[in-house]
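First comes the structure, then the notes that go with it.
No value in this document is a laboratory result; all are computed from the given coordinates. Only a predicted model underlies this, so the values are computations on that prediction, with no experimental measurement involved. Note: ideal-geometry Cβ built from the backbone for every residue, glycine included; neighbour counts use all protein chains shown.
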Amino acid sequence: MAKGRKEAARRLYEVVETQQGFFTTKQAKAAGYAENTHPYHVGAGNWVREHRGIYRLANFPQNGRPDLMLWSLWSKNRAGATQGIYSFETALSIHDLSDLMPAKLHMTVPRNFRRNSEIPTPLVLHYGDLPESDTELVHGVRLTKPLRTILDLLAAGHIPSATLRTALREGLERGVIRRSEISGAQHHLKDNKKTLQFLRNAAA
């Protein structure tokens with residue numbers, strides 16, 4: 001392998017190490033792979049095309065949730081910043097606070113999020129601007145913190161409140177939800193009687 005190709009391969013590997021083997025067309029070009037060489041690498045079996053503009057190194061070890069990284073990369077904007085944050089049922093499942101197994105991946109994106117193509121079938125998008133303080137990094141992707149996840153689901157109204165109450169109590173027992181967080185939420189949501197009552201009952 002020529003020196004230039006070795007260097008490109010090294011730079012690309014540095015990228016995919018933090019992305020479970022996945023990378024975008026833009027990232028491959030930045031690493032040193034000309035775009036007209038991408039079909040060659042797919043045909044040679046070096047790369048796997050997972051979605052439009054998203055590839056995976058064929059020999060990179062896969063963990064249990066490669067789908068999370070795939071659609072997180074899909075949500076990047078033109079500047080290369082990830083826009084999608086896993087939320088609602090998906091975040092609850094990732095946090096292991098429920099036995100719910102959502103059929104689709106729920107992702108919250110900014111209100112101004114736009115795509116020229118159709119939304120991929122595996123995704124359900126929710127539109128809203130989440131403060132960074134309500135999110136965290138898990139498995140290399142961003143998702144809503146446990147308490148924010150539970151409150152979002154409570155507001156949505158399609159998960160039984162008893163299920164969410166159990167999730168909140170388990171979160172408290174495991175230490176992934178702190179009572180100080182609940183106190184802060186109660187202060188912030190002081191005009192929302194339904195949510196206040198839920199928090200009081202669940203945290204009792």
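The H on the amide N of residue 177, modeled in the peptide plane, is under 5 Å from the matching H of 172, each at least 5 residues off or on a different chain.
Amide H contacts under 5 Å for residue 108: 85, 86, 87, 126, restricted to partners 5 or more places along the chain or on a different chain, H placed in the peptide plane at 1.01 Å from N. Modelled label positions at residue 49 and residue 111, each set 7 Å beyond Cα in the direction of Cβ, lie 3.8 nm from each other.
Between residue 58 and residue 193, how high is the FRET efficiency from 1/(1 + (r/R0)^6) when r is the Cβ-Cβ distance and R₀ = 45 Å? Nearest 0.05.
0.25
Stokes-Einstein diffusion for the chain at 20 °C, viscosity 1.002 mPa s, with a Kirkwood radius from C-alpha pairs, works out to 114 µm²/s. When the Gaussian network model of the chain links Cα atoms closer than 10 Å, the mean-square fluctuations of 108, 25, 135 top out at 25. If only the Cβ of Lys and Arg carry +1 and only the Cβ of Asp and Glu carry -1, the dipole of segment 3-57 around its Cα centre is close to 140 debye.
Relative to the current alpha-carbon distance between residue 138 and residue 81, full extension at 0.36 nm per residue lengthens the span by 18.8 nm.
Placing unit charges on the Cβ atoms of the charged side chains and taking the dipole of the chain about its Cα centre, the candidate lying farthest along the positive direction among 146, 158, 108 is 108. Computed from the Cβ-Cβ distance with R0 of 25 Å, the FRET efficiency linking residue 10 to residue 99 stands at 0.05.
Ordered by the count of other Cβ atoms within 10 Å of each Cβ, fewest first, 191, 134, 152 give 191, 134, 152.
Provide the percentage of antiparallel DSSP beta bridges, counting only those with both residues in the chain; round to the nearest 5.
Counting only bridges with both partners in the chain, antiparallel ones make up about 70 percent.
Could you pull out the longest piece of the chain with no exposed loop trypsin sites (Lys or Arg not before Pro) in it, calling a site exposed if DSSP puts it outside H, G, I, E, B and it has at most 14 other Cβ atoms within 10 Å? After excluding every exposed loop site, the longest remaining stretch is 116-177. Among 167, 28, 81, determine the one that fluctuates most according to a GNM of the chain built with springs between C-alpha atoms less than 10 Å apart. Looking only at 167, 28, 81, the biggest GNM fluctuation is shown by 81.
Which of these, 97, 123, 153, has the largest mean-square fluctuation under a Gaussian network model of the chain (Cα springs below 10 Å)? Answer for the Gaussian network model of the chain: 123.
Here segment 66-203 is assigned +1 on the Cβ of each Lys and Arg and -1 on the Cβ of each Asp and Glu. Its dipole about the Cα centre then comes out at about 360 debye.
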